[in-house]
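J.: I am attaching a structure below and will ask some questions about it afterwards.
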Amino acid sequence: MTCALPLPHPAKRCGTCLKTPPPLDLCLTATAYAWPWVDLIARFKFKHRAGWAGPLATLMLSAAWVEDTLDAADWVLPIPLSAERLSERGYNQAWLLARQLRPTKADAQLLLRTRDTPSQRSLPRAERLANLEGAFAVEPLRALQIRGKRVVLIDDVMTSGASLHTAARVLRQAGALHISAVVLARTEAGGEP
C-alpha cells in the first residue's frame, strides 16, 4: 500500500507502484481530506489550534497499521516548515502531531527545510516537485543517524505527495533503510501512487 490506495494489507503494492516504485515504502492515512476535515485541519494549521494535536494524533493512531509502523520506527520526523512559514504560524503542525504520536522517537532537527518555497496549494504536481527541489536536507552533523534506520514521516495533509516524496528521496540518499509516511488526511484525487 505504498500509494495509500486501499489494499488488504500494507505490504501489498498496486500495479503502478510495482512498475515505478515511489520513494515511500508505505503511506498510511487516517481519513480522506473532505468535509468536515478540510475545515478542521485548516483551523488546526492556520487558526492557532495547536491544542488539537492530541485528538488529531489519536485519530491517526486509530488507522490500520499506524501503531505497528510507529513502533517499528527508529525516527519519527515531521515535514519541516521554512523559518518564514514557522514564524507566520507560530508552530509546525506536523511537529505537534509527531510529538503526540511518538514523543521519544520524534525529532524536529534531523530533517531540515533549507529554503522557503511558494505555497503548493494551487500548483499542479510537476510544479510542486520542481518547487521543492533542494528544499529539504538531513542535518549534516547527524546524517549518520539516518543510515540503516526506519523512518516515519509525519504530515497533516497529503495532496500530490510532492512534499513527502521529496523528503523521502533526501532520507533515502542519506541511507534510510525504510521510509513510511503517516498523514492525518489525504486527498482522493491528485495524489501520486
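J.: For K19, list the aspartates and glutamates whose Cα falls under 19 Å from its own Cα; do not include residues on the same chain fewer than 8 positions away.
T.: Of all the aspartates and glutamates, those that pass the test against K19 - Cα under 19 Å, at least 8 places apart if same chain - are E192.
J.: Right, next: Just grab the label-to-label distance for R85 and A50, each label 7 Å out from Cα along the Cβ direction, in nm (one decimal).
T.: 1.8
J.: By count of other Cβ within 10 Å, fewest leading, how are I79, I179 ordered?
T.: Fewest-to-most Cβ neighbours within 10 Å comes out as I79, I179.
J.: Less than 15 Å apart at the alpha-carbon level, and either on another chain or at least 8 residues along: which aspartates and glutamates does that give for K47?
T.: Reachable aspartates and glutamates: D39, E88, D156.
J.: Counting other Cβ atoms within 10 Å of each Cβ, which trypsin sites (Lys or Arg not before Pro) in region 8-91 have at most 14 and sit in a DSSP loop?
T.: Values: sites: K12, R13, K19, R43, K45, K47, R49, R85, R89; in loops: K12, R13, K47, R49.
Passing both the DSSP loop test and the Cβ count: K12, K47.
J.: Can you compute 3J(HN,Hα) from phi for each residue in region 47-59, using the Karplus curve 6.51 cos²θ - 1.76 cosθ + 1.60 with θ = phi - 60°, rounded to whole Hz and x for Gly and Pro?
T.: Computed from phi, the couplings for region 47-59 are 10, 6, 9, 4, x, 7, 4, x, x, 5, 5, 4, 4 Hz.
J.: Moving on. DSSP loop (so not H, G, I, E, B), at most 14 other Cβ within 10 Å: list which trypsin sites (Lys or Arg not before Pro) in region 125-188 pass both filters. Walk me through the numbers before you get to the answer.
T.: Details: sites: R125, R128, R142, R147, K149, R150, R169, R172, R186; in loops: R147, K149.
Taking region 125-188 and a limit of 14 other Cβ atoms within 10 Å, the loop trypsin sites (Lys or Arg not before Pro) found are R147.
J.: Working out 0.36 nm times the residue gap between R147 and A126, then minus their Cα-Cα distance, what length gain in nm do you get to one decimal? Show your work: numbers first, answer last.
T.: Working: separation 21, 0.36 × 21 = 7.56 nm, distance 2.89 nm.
Full extension of this stretch gives 4.7 nm more.
J.: Could you list D39, D25 in order of exposure, starting from the residue whose Cβ has the fewest other Cβ atoms within 10 Å? Don't jump to the answer; show the numbers that get you there.
T.: Numbers: D39 9, D25 23.
The fewest-first ordering by Cβ neighbours comes to D39, D25.
J.: Within region 125-193, report the GluC sites (Glu not before Pro) that DSSP leaves as loop and that have at most 16 other Cβ atoms within 10 Å.
T.: Working: sites: E127, E133, E188; in loops: E133, E188.
For GluC sites (Glu not before Pro) across region 125-193 that sit outside H, G, I, E and B with at most 16 neighbouring Cβ atoms in 10 Å, the list reads E133, E188.
J.: Computed from the coordinates I sent, Rg/Rh (Cα atoms, Kirkwood Rh) equals one of (1) 1.14; (2) 1.06; (3) 0.92. Tell me the label.
T.: Among (1) 1.14; (2) 1.06; (3) 0.92, the one calculated here is (3).
Read-outs throughout are calculated quantities, based only on the coordinates presented, and are distinct from any laboratory measurement. In this text the structure is predicted, and so the values were computed from the model without any measurement. Glycine also receives a Cβ, built like all others from the backbone with ideal geometry; neighbour counts cover every protein chain displayed.
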